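First comes the structure, then the notes that go with it.
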Amino acid sequence: MEIRKVAVIGGGTMGTGIARTIAGAGLEVLQFEKDQSCAQAAREDLERALDQEMTRWSLTEAEKKAILLRVSNRWQLQQASEADLIIETISEDFDLKREVFERLDEVCQPEVIFVTNTSTLSVSELAASTQRAERFVGLHFVNPVPRTSVAEVVRGLATSDETVAAVKEFAVTLGKTPIEVFEYPGYVTTRVIVPLINEAIYVVMEGVATAEDVDKAMKLGYNLQTGPLALADRMGLDEVMNSMEHLFRELGDLKYRPCPLLRKLVRAGRLGVKTGEGFFKYN
């Protein structure tokens, strides 16, 4: 299956990162948001992200223009029928995702592969809301998508070998190393990183060390590029808490129960990079 045009459903941090990565690989992208205003905001976010890459000398002006030319921002979901592959990147809300996939299933050709970027929800259950369960698969990227090199290819119960092979090949085209996993709450990356982040938050809450020193210790002690608290800020503290709560419900293990300090920050609207403040402050 040749993939030339990809629809990315969602214009948040993850959706914009995926759209930028796909366009950077030379493919055409249709990025969808819920309305025209949100679509314009997603476009502006993409331009800002590319400008930041240019300040780090990791992108040229010509490359920026080429990427922007390949990304078309839209808000009428029926236009997703033009795509060869659909990637959903909206919030971790099962009912909302199911509704989107049901609408997409009505307008897309039967051979089009549906991909969900969920980090915790059931691929099989989402696939059951469509008429193409064998062509439904998870593809979980790690944020920031353009700079991380792994992608988890998640099999649902009905996902065909052909679909897995096609999505693996697509991941390689994007410069990612595909890791095939079988459906289980949290897969590999989310299941392993969430307890680390949660424990780091407890260390701060208990007054053992400051957020700055916790991250410094973990970076220097374990050769991490990013500390767990800065990583949580980048992921979005609300998304981190949602992942923890889902894993706690699914697995019943106390290590996934969100730290009270995390709940406090989320309730205060301090969600990390996207709001300008979480454990750290951002411009």
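At-a-glance table
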| item | result |
| --- | --- |
| Single match in 95, 105 (criterion: closer than 20 Å to residue 133 by Cα, in contact with a Phe, Trp or Tyr (Cβ under 9 Å, 6 or more places away or on another chain) and assigned to a helix (DSSP H, G or I)) | 105 |
| Some residue of the range 190-199 being among the β-branched types (Val, Ile, Thr), outside the structural domain of residue 24 (by TED's automatic domain parsing) and in contact with a Cys (Cβ under 6 Å, 6 or more places away or on another chain) | no |
| Qualifying position, being touching a residue at least 60 places away in the same chain (Cβ under 8 Å) and among the polar types (S, T, N, Q), among 21, 60 | 21 |
| Residue in the range 148-175 that is nearest to the chain's Cα centre (by Cα), counting only those that are outside any helix (DSSP H, G or I) and of a type in the set (A, V, I, L, M, F, W, C) | 151 |
| Among (1) among the β-branched types (Val, Ile, Thr); (2) surrounded by fewer than 13 Cβ atoms within 10 Å (Cβ to Cβ); (3) at pLDDT below 95, the one test that residue 177 misses | (3) |
| Qualifying residue in the range 85-92 (condition: more than 17 Å from the chain's Cα centre (by Cα) and under 25 Å from residue 151 (Cβ atoms)) | no |
| Residue 80 vs. criteria part of a helix (DSSP H, G or I), out of contact with any helix residue (DSSP H, G or I) (no Cβ under 9 Å at 6 or more places or on another chain) and buried (at least 17 other Cβ atoms within 10 Å of the Cβ) | no |
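The values are calculated or read from the model by the stated rules, or taken from the named source; none is laboratory data. Note that this is a predicted model, so its numbers are computed, not measured. Here the Cβ is made from the backbone with ideal geometry for all residues, glycine too, and neighbour counts use every protein chain on show.
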